[in-house]
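Heads up: the structure comes next, in structure tokens.
The values are calculated or read from the model by the stated rules, or taken from the named source; none is laboratory data. Predicted model only: the values in this text are computed from it and were never measured. Cβ: placed from backbone, ideal geometry, glycine included. Neighbour counts: every protein chain shown.
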Protein chains: 2
Amino acid sequence: MKRIGIDLGGTNIVSAVIESQNGCHKVIGKAFCKTKAPRETESICDDMIGLCQKALEKSGSSFNEIESIGIGIPGSVDPENGVVNFASNLFVENWNIVDMMRKCMCSEKYSTDKELQKLADRVDIFIENDANAAAYGEFLAGGAKNSNNSVMITLGTGIGGGIIIDKKIYSASNYAAGELGHMVIVKDGKQCNCGRKGCWEVYASATALLKLTIETMKNHPESYMWEHSQELRKVTGKTPFESAILGDESAIKVINTYVEYLACGAANVINIFQPDCLVVGGGVSNQGEYLLAPLRKCLEGQTYSKNLKQVTKIVKAELGNDAGLIGAALLGAKL
Amino acid sequence: MKRIGIDLGGTNIVSAVIESQNGCHKVIGKAFCKTKAPRETESICDDMIGLCQKALEKSGSSFNEIESIGIGIPGSVDPENGVVNFASNLFVENWNIVDMMRKCMCSEKYSTDKELQKLADRVDIFIENDANAAAYGEFLAGGAKNSNNSVMITLGTGIGGGIIIDKKIYSASNYAAGELGHMVIVKDGKQCNCGRKGCWEVYASATALLKLTIETMKNHPESYMWEHSQELRKVTGKTPFESAILGDESAIKVINTYVEYLACGAANVINIFQPDCLVVGGGVSNQGEYLLAPLRKCLEGQTYSKNLKQVTKIVKAELGNDAGLIGAALLGAKL
């Protein structure tokens, strides 16, 4: 069975054909272009459709085989009505994206692609918040496979959250649940963009790690991190990890501090949800066990696990950017 | 339709007959005794059965009419296997309470009550954590009625949490979810009994309010709170509220500080769950709007509610101790 998943990001648009067989889901064709927002929403839809055609071609499939389409969007999304309420990175508000996609698919310019026009009539088009779609993808085919309840955190510019409960995305009646990054862990702490002070993401996002690293380097001119990255603008999330492994004390301190804040919020999430899996994604998670082993260590004694037969597994996101594509594509699947 | 709900608390055991009609659920007979733990678990079961007989008699019903039995227990409970894993206030571990209840109901001493003995064969006995049962009761018949997703917090010795998602209790695969009180809001803050530092309940439980009040009184001998309560051991959660209303500055400060911490954790819960309702229960909630109005005010700007059509309602628990009885009784209902 084949489906189309689209990741409509602030930077790139990616379309993919996903094949599902015996409970396995994989990307068999993919195409992308730049989002170039802000621009006319119709031209975004046209690009999404064009990318679907390309991805199909690469996968050696035809539109006739496609069962449904799903789109992941970075913002507040109303899946029931097919409307993007608000997406700051796309500069859109109250965008009836599903209706517009259908109209575009049936428009004159695709009149030679009869299968595409039939597709618009034949299949459902689903939309979902991109963090939820990624969490769903990891649940279906990645780090949280075979769990019933899982929570995914994405360590990026902020901390994104996606919640799977009873094998379904939980986004609440207003589709806005899962803002795990905006859980205050340091009351009256550092200012967050959201207006609150002391949010988890101010201390434990990839951005926070970068800031902490640069700050520490400035105070420690002797640190190996200088040798590693040459200059401050070349510092990345890898800098402290790759320096710590060589015994650099400042780098070790950066990682210890970062992991302590990461664990504080993660322990909160575990005490609240007791998920089968906590999936850690985003750029920082590429450090794998260099991040996860100290994180697990730091979580010891912080989570309510006395007399419990089953405790939360802390795992790395496995699918990278494909998680959102697979999750979006499978929104329409009856699982 | 009639069911039995039992609240097996650390201090009291209460049994009640619950009548359900047209989606309304109410207590029509109730009986209680002291728990007197620690003691033999068989004698606790005997007391529960005796209280069921009394409650039935008071309600003018017979065991023949009873459809199911549910028990709420303060601890870690495995509903699937009918086992209390651990309940510190009852001093029990790995207690197969459901099996024991059935055996007791069929034992010699009740041989004259044929209906009771039939009941043991005929109906299911359900168990649940008491905070979950209370949240379920408030969802079915109290403050969170007609919602799909709700979270109940109980401000008592600690802060208890109960989560209803998609009209069902959410307790995770290990039945241990919902420890909302053990969410850290002040990293490296005051020591909590759980081992962590800075947990929400250290700042916003009824116990925390009492401590803050007494501390403030000690620093403010001029406060009206002294006149209100005469001496420190007579101070209750009411003291600052009933003094603040008269304009006492220290009392107002106590309430502002308390509500600020309460709101910090409540905003976290809302940003995570976006429930239809946040139900506030426990002794402190008896202050009603004197607590909830400043809480709502303090939550403004702290919750993610931009462009949302529906935001979380902050409501008072309506059923008091009956919430747990109704929730427990209805565990067996197919709703």
Going residue by residue through segment A:151-171, is there one that turns out to be charged (D, E, K, R) and under 30 Å from B:Ala263 (Cα atoms)? yes
Scan segment A:247-265 and tell me whether some residue there is buried (at least 20 other Cβ atoms within 10 Å of the Cβ), at pLDDT 95 or above and closer than 29 Å to A:Ala55 by Cβ. no
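Restricting to segment B:91-102, and then to whatever is in contact with a helix residue (DSSP H, G or I) (Cβ under 8 Å, 6 or more places away or on another chain) and away from every other protein chain (no Cβ under 14 Å), can you tell me which residue is surrounded by the fewest Cβ atoms within 10 Å (Cβ to Cβ)?
Only one residue tops the list, namely B:Met100.
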Condition first: within 14 Å of another protein chain (Cβ to nearest Cβ) and not hydroxyl-bearing (Ser, Thr, Tyr). Can you find one or more residues in segment A:279-291 that meet it? no
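Condition check: under 27 Å from the mean Cα position of the chain (by Cα), closer than 18 Å to B:Val315 by Cα and within 14 Å of another protein chain (Cβ to nearest Cβ). Does B:Ala208 satisfy that?
Considered against the rule, which asks whether it is under 27 Å from the mean Cα position of the chain (by Cα), closer than 18 Å to B:Val315 by Cα and within 14 Å of another protein chain (Cβ to nearest Cβ), B:Ala208 comes out as no.
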Whichever residue in segment A:293-313 is buried (at least 18 other Cβ atoms within 10 Å of the Cβ) and modelled with pLDDT of 95 or more and, among such residues, is farthest from the other protein chains (Cβ to nearest Cβ): A:Pro294
For segment A:166-193, give me each residue that is at the interface with chain B (Cβ under 7 Å from one of its Cβ atoms) and without any contact (Cβ under 8 Å) to a residue 40 or more places away in the chain. A:Tyr170, A:Ala172, A:Ser173, A:Asn174, A:Ala177, A:Glu179, A:His182, A:Val184, A:Val186, A:Lys187
Filter the strands (runs of 3 or more DSSP E) completely within segment A:18-82 down to those with at least 2 residues that are more than 14 Å from every other protein chain (Cβ to nearest Cβ) and touching a helix residue (DSSP H, G or I) at 6+ places or on another chain (Cβ under 7 Å). A:24-34, A:66-73
Checking A:Ser243 against (1) closer than 30 Å to B:Gly198 by Cα; (2) in a helix (DSSP H, G or I); (3) among the small types (Gly, Ala, Ser), the condition it does not meet: (1)
Single condition A:Pro275 does not satisfy, out of (1) within 7 Å of chain B (Cβ to nearest Cβ); (2) closer than 19 Å to A:Val184 by Cα; (3) in contact (Cβ under 8 Å) with a residue 24 or more places away in the chain: (2)
So in segment B:93-127, with the set limited to residues that are within 16 Å of B:Pro79 (Cβ to Cβ) and assigned to a strand (DSSP E or B), which one is modelled with the lowest pLDDT? B:Asn94
For residues that are surrounded by fewer than 20 Cβ atoms within 10 Å (Cβ to Cβ) and either assigned to a helix (DSSP H, G or I) or of a type in the set (A, V, I, L, M, F, W, C) (or both), tally how many sit in segment A:177-193. 1
Would you call A:Ala266 in a helix (DSSP H, G or I), small (Gly, Ala, Ser) and within 24 Å of B:Tyr304 (Cβ to Cβ)? yes
Go through segment A:65-80 and report how many residues are buried (at least 24 other Cβ atoms within 10 Å of the Cβ) and either free of Cβ contacts under 8 Å to residues at least 24 places away in the same chain or over 14 Å from the mean Cα position of the chain (by Cα) (or both). 3
Given the criterion in contact (Cβ under 8 Å) with a residue 12 or more places away in the chain, under 23 Å from the mean Cα position of the chain (by Cα) and on the phi < 0 side of the Ramachandran plot, identify the matching residue among B:Lys253, B:Lys238. B:Lys238
For segment B:278-307, give me each residue that is under 21 Å from A:Val269 (Cβ atoms) and in contact (Cβ under 8 Å) with a residue 60 or more places away in the chain. B:Leu278
What single numbered condition from (1) in contact with a helix residue (DSSP H, G or I) (Cβ under 7 Å, 6 or more places away or on another chain); (2) closer than 27 Å to B:Glu40 by Cβ; (3) away from every other protein chain (no Cβ under 14 Å) fails to hold for B:Val123? (1)
Can you tell me which of (1) of a type outside the set (A, V, I, L, M); (2) surrounded by fewer than 22 Cβ atoms within 10 Å (Cβ to Cβ); (3) within 11 Å of another protein chain (Cβ to nearest Cβ) is the one B:Cys199 doesn't meet? (2)
Return the residues of segment B:131-152 that are over 17 Å from B:Ala176 (Cβ atoms), touching a residue at least 24 places away in the same chain (Cβ under 8 Å) and either in contact with a helix residue (DSSP H, G or I) (Cβ under 8 Å, 6 or more places away or on another chain) or part of a helix (DSSP H, G or I) (or both); say none if nothing qualifies. B:Gly137, B:Glu138, B:Phe139, B:Leu140, B:Ala141, B:Gly142, B:Ala144, B:Ser147, B:Asn149, B:Ser150
